[in-house]
Amino acid sequence: MSYAICAPACALFDLSDVHVLAVDRGPRSFTVTVETVPALVGCPSCGVLATGHGRRQVLLHDLPCAGVPVRVLWRKRIHRCREDACEISTFSEVHDLAAPRGKLTTRAIA
Ligand SMILES: [Zn+2]
């Protein structure tokens, strides 16, 4: 069962550039699907403006809500560097929501 996207769900995160796309109540947990607001991103190696290259879903464990485990499905953006001479071809989004390759949201660690 899915609930409509609502401002209170976005407010859960207290991160103005993270939007909640869906909240699904499973038998034993909530799954909150989120994405970040699109932004211009430069390549971390050469600084050239990158283009979008699809998404990769990352499942994070978040703080329980009302005693129910919460999982965050982050639709992480993948970017591609447009500079042919650059050693980096694609790289994934970095956000305060979670550490790179982390399995917990930042606040769950805190
Ligand atoms: Zn580059």
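Counted by Cβ distance under 13 Å from Pro44, the other residues give a net charge of -2, where Lys and Arg count +1 and Asp and Glu count -1.
Within the range 57-110, the GluC sites (Glu not before Pro) that combine a DSSP coil assignment with at most 13 other C-beta atoms in a 10 angstrom radius are Glu87. Around the Cα centre of the chain, unit charges on the Cβ atoms of Lys, Arg, Asp and Glu (plus for the first two, minus for the last two) sum to a dipole of about 420 debye. Where only DSSP H runs of four or more residues are counted, the chain gives -1500 deg cm²/dmol as its mean residue ellipticity at 222 nm, each run worth -39500 (n - 2.57).
Local charge for Val58 was computed over the other residues whose Cβ lies under 15 Å away, with Lys and Arg +1 and Asp and Glu -1, and equals +4. Neighbours of Ile109 by Cβ distance under 11 Å: Lys/Arg scored +1, Asp/Glu scored -1, total +1.
Throughout, read-outs are computed from the coordinates displayed, never taken from laboratory work. Everything numeric in this text was worked out from a predicted model, so none of it was measured. Glycine also receives a Cβ, built like all others from the backbone with ideal geometry; neighbour counts cover every protein chain displayed.
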